[in-house]
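Bear in mind these aren't lab numbers, they're just calculated from the coordinates by the rules spelled out. Since this is a predicted model, take the numbers as computed values, not measurements. Glycine also receives a Cβ, built like all others from the backbone with ideal geometry; neighbour counts cover every protein chain displayed.
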Amino acid sequence: MAITRDDVEKVALLARLELSEAEIESLTTDLGQIVGYVDQLAEVDTDHVEPMAHAIELHNVFADDVVRPSLPREQALANAPSHNGKGYLVPPVLGD
Amino acid sequence: MSYTTVVGLEVHVQLATQSKLFCRCSTQFGAEPNTQTCPVCIGMPGSLPVMNREAYQLALKTSVAINCEIPAFTKWDRKQYFYPDLPKGYQISQFDLPMSEHGWLEISDPKDRFEPKRVRILRAHLEDDAGKSVHDEVHGRADSEIDLNRTGTPLLEIVSEPDMRSAAEAKAYMQELRLLLTHIGVSDCNMQEGSMRCDANVNLHIDTPDGKAATPIVEIKNMNSFRAVERAIEYEAGRQYRVWQETKQQMGDVPKQTRGWDDAAGKTLGQRSKEESSDYRYFPDPDLVPVLSTPEEVEAVRASLGDLPADIRRQLADDHGLSSYDADVLVNQGREVLAYFFNAAEKSGDYKAACNWVTQDIQRVLKEQEQSIDEFSISADQLADLISAIGDNRLPKSRSKDAFELMLTNEIDVAAAIEKLGIEQVDESALVTLCQELLDANPKIVADVKGGKQQAIGALIGQAKKKNSNVDPGQVRKMCLELVEKM
Ligand SMILES: [Zn+2]
């Protein structure tokens, strides 16, 4: 499967990445090579191999429903670009 | 030209856990903003989610109660989109292998406005909730304030098939779901607090001279009460019909539209669709491992559910002779009131009388006093005694409400209330003597009754009460008629 410029632009939009012309060029090549490698893997005969959902052989890992202390609010907000001491401040969201 | 409204509902219910789905922050509603968060639920790098066992169990319990099949294997996936209230940049949800599918919920209308039917359930899956935006419009500030306390709260999304054919059916489905879920104790289903939320997919099937036409599907959001669900769907059906008459647009002609319900205006309004929002690029969450369940585990959950509201309604109607309307009203009072009712009904043996007291007088008092049934001062045993006292004529029916009020205000039992009311039991022989005296003194009345005018007895009842205030009017009437027969 060939990766086109349109594919890169679409993925960039979904990931909210702003790419320069040069970056779009080089990423189209890079992504094309990665997908090409996966295509190569697809040639392996997996008809009799059970699909797996996870790389480790673990299942049913649970924690008990017991409340533990949360972060103090100052710490939770500390890394935010903008806050008012109570909440994170963000530009208004359109279409809300 | 006629049309049918077609409705499918996506309902999100918040599961009643103490802590969040993937971290141990509290889920308590109403806390100060951003005081219930931690590195896991605000998506700090390097943090690791671990699934809450209780959340999974409550989700499983719900899935079994809505008659879903439980696959042996389930897993969680990342659903990726950008939004300020979603700090991780993705929601942990379930994509291709949900924890339950192919269920159903039966709905009916006690007033018979629609036929009872099974609404099929496509799937129910467990996912985490997002935070909340608070818009500071009052101060005219440009920024929105984000509160992430709700982020990571466990939600079960229950997706129905488009099986409902009216706004009334959609409302009934929501109500039945809430009744069932509160009954089994998995959620408080409070729509105002957002612990039960609903989106509706609505379109019309219109009969035209060229066959059936289907209008484009519209998703309605922002309905915060059962009444809102009903009104929004009714409004939307009318709107789609008007648009169809103008444009003749059918499903597929335009992309799926999202509209928000404006409760004050009574309208659905078009919302700006999120760019490319349908492309969530799901993939299995590598931080979480799958969950396997055995048929034995599922059977154990099924056995733990006990009788569900639909079963109880059926028992009340079939085994205890209540009308389906009464049975519905009773079951809708909730589990605690139902337990109180069963105690009183079983002890007194009179289900109908217990139903009347519980759904009428007791409900009225609870409403007036803003009490729950646990706070109500007359116990189920005392109510049973009251019902028995009426049944065996220790308390005339005409004085039963007075006795009830006395029991309530003075916190006394029925025997004390009877004494306080000055009611002394009139024994059979005294009643016979009294009635015979009255009949002997009123030969004209006796003649009238013998001539077929039974209502003539009425004149004697007042006289009987004057002679003995404790006599029961009904008994006097009955006794007099019996004595006249023998005369
Ligand atoms: Zn947390």
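Here is how the numbers come out for the structure above:
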{"quantity": "Taking chain A and dividing mean pair separation by its residue count, relative contact order in percent (alpha carbons under 8 Å, at least six apart)", "calculated": "20 percent"}
{"quantity": "Reach of B:Lys444 by Cα under 28 Å, taken over lysines that are not fewer than 8 positions away in the same chain", "calculated": "B:Lys453, B:Lys465, B:Lys466, B:Lys467, B:Lys478, B:Lys486"}
{"quantity": "Inter-site label distance for B:Asn393 and B:Ala459 at 7 Å from Cα along Cβ, in nm", "calculated": "2.5 nm"}
{"quantity": "Residue-averaged beta-carbon neighbours from other chains (10 angstrom radius) around A:79-91", "calculated": "6"}
{"quantity": "Cβ-placed point charges (K, R +1; D, E -1), dipole of the protein assembly as shown about Cα centre in debye, nearest 20", "calculated": "2420 debye"}
{"quantity": "Charge dipole magnitude, Cβ of K and R +1, D and E -1 - the range B:428-486, Cα centre, debye nearest 20", "calculated": "200 debye"}
{"quantity": "Peptides ranked, highest mean first, by Cβ atoms within 10 Å: ranges A:51-57, B:126-132", "calculated": "B:126-132, A:51-57"}
{"quantity": "Shielding by partners - mean other protein chain Cβ count within 10 Å, residues of B:27-39", "calculated": "4"}
{"quantity": "Sequence-distant residues sharing a close amide H with B:Arg150 (under 5 Å, placed H)", "calculated": "B:Lys132"}
{"quantity": "Ranked list, fewest to most other Cβ atoms within 10 Å of each Cβ, for B:Ile418, B:Ile423", "calculated": "B:Ile423, B:Ile418"}
{"quantity": "Separation of alpha-carbon centers, the range A:1-55 and the range B:318-332, rounded to whole Å", "calculated": "61 Å"}
{"quantity": "Exercise: per-residue mean of other protein chain Cβ atoms within 10 Å, B:46-57", "calculated": "3"}
{"quantity": "Ellipticity estimate at 222 nm from DSSP helix runs (n ≥ 4, -39,500 (n - 2.57)) divided over the protein assembly as shown, nearest 500", "calculated": "-11500 deg cm²/dmol"}
{"quantity": "Which of B:Pro154, B:Val291, B:Gln363, positive extreme of dipole for the protein assembly as shown (C-beta unit charges)", "calculated": "B:Gln363"}
{"quantity": "Relative contact order for chain B, counting Cα pairs under 8 Å that sit 6 or more residues apart, in percent", "calculated": "14 percent"}
{"quantity": "Whole-angstrom Cα spans of the protein assembly as shown along principal axes, big to small", "calculated": "119, 65, 62"}
{"quantity": "Cα centroid separation - the range B:335-393 against the range B:195-249, whole Å", "calculated": "43 Å"}
{"quantity": "Cα gyration tensor category, rounded, prolate or oblate, for chain A with a/c compared to 1.5", "calculated": "oblate"}
{"quantity": "Cα centroid separation, the range B:141-177 to the range B:14-50 (Å)", "calculated": "20 Å"}
{"quantity": "Computed Rg/Rh of chain B, alpha carbon atoms with Kirkwood Rh", "calculated": "1.13"}
{"quantity": "Debye, to nearest 20: dipole size of the range B:3-296, +1 on Lys, Arg Cβ, -1 on Asp, Glu Cβ", "calculated": "120 debye"}
